[in-house]
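The values are calculated or read from the model by the stated rules, or taken from the named source; none is laboratory data. No experiment lies behind these values; they were computed from the predicted model shown. Here the Cβ is made from the backbone with ideal geometry for all residues, glycine too, and neighbour counts use every protein chain on show.
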Amino acid sequence: MTDTHCHLYLAGDFPGDECCDAMNRAIASGVTRMVFPNVDRDSLEPMRRLHEVYPFNSAMAIGIHPTELHGDWEALLDEFEQLAA
């Protein structure tokens, strides 16, 4: 089963136990693939770190959540586009 939208990388201070515990519980429950969408620049790094621990159980979706469109969001979107290329 695939969870197409989850923010488990925000479950605690990664690489603390909370994020990994949440991932392990999901996997044990049959959710073997999870898509992590980041919401802004600050969420990108925790998302990447958790994905590195679970590369076969996760995929990253890079973007900006609509509620985070502040300041020079177009430059940030360009930066994210380069990361995704």
>> Looking at ASP42, ASP21, can you tell me which residue is at pLDDT 85 or above, part of a helix (DSSP H, G or I) and surrounded by fewer than 16 Cβ atoms within 10 Å (Cβ to Cβ)?
In response: ASP42
> Restricting attention to the range 49-85, which residues are among the small types (Gly, Ala, Ser), closer than 21 Å to CYS6 by Cα and outside any strand (DSSP E or B)?
Replying inline: GLY63, ALA84
> Looking only at the range 27-50, which residues are without any contact (Cβ under 8 Å) to a residue 24 or more places away in the chain and more than 15 Å from the chain's Cα centre (by Cα)?
Replying inline: ALA28, SER29
>> What's the total number of residues in the range 24-39 that are in a strand (DSSP E or B) and out of contact with any Cys (no Cβ under 8 Å at 6 or more places or on another chain)?
In response: 2
